[in-house]
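The structure appears below as structure tokens.
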Amino acid sequence: QRAAAESAARDVSAARAEAARLRGEEGALRGLSAEALEALERGSLAALTAIRQAREEAARRARTCVVCMAAPRSAVFLPCGHAACCADCVDSLRRHASQAAQAAATLQLAHAYDCPICKRPVASA
């Protein structure tokens, strides 16, 4: 158990040193060779590129209709305030809601149309 604890402590120490290098802490970089610094720079640039791509994809998803996943969001559901759907999908939801409202009247349900994000009843969009 002692050997395992010592090994784990070394792993933690190595991970902290690597994290300090990745953060660009001066003390962690000072002893590195030019080749090691170049390798760190290449790795950091690759990571930055991946982060930018992920950020752009997340921003694209945040602007895309949650129903069709293709068109930009253009409608706000009230009262919750979620901007979740494009105009075509809102029209489709309204048509579906109208049909469901007829069924709801028959079944005596309270509403037939929910926000696709929070599932709260929608008064208007």
Taking only Cα atoms and a 10 Å spring cutoff, compute GNM fluctuations for the chain and point out the largest among S98, S44, S13. S13
Using helices alone, I'd like the mean residue ellipticity at 222 nm for the chain: each DSSP H run of four-plus residues gives -39500 (n - 2.57), total over residue count, nearest 500. -21000 deg cm²/dmol
Ranking request for peptides 70-80, 49-59: highest mean number of other beta-carbon atoms within 10 Å first, then the rest in descending order. 70-80, 49-59
How many Å² of accessible area per residue for the chain, probe 1.4 Å? 72 Å²
Selection of GluC sites (Glu not before Pro), segment 15-47, meeting DSSP coil and at most 13 other Cβ within 10 Å: E25
Expressed as a percent, the accessible surface of the chain that is carbon or sulfur, using a 1.4 Å probe and the full set of protein chains, is 56 percent
Can you work out the FRET efficiency for the pair S7 and M69, with r the C-beta to C-beta distance and R0 = 41 Å, to the nearest 0.05? 0.30
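The values are calculated or read from the model by the stated rules, or taken from the named source; none is laboratory data. Predicted, not measured: the structure shown is a model, and the values here were computed from it. Quick reminder, even Gly has a Cβ in these numbers, built from the backbone with ideal geometry, and neighbours come from all protein chains shown. Please note that ligands, DNA and RNA were not included when accessible areas were found on the heavy atoms of the full protein model with its side chains. Shrake-Rupley method; radii C 1.70, N 1.55, O 1.52, S 1.80 Å.
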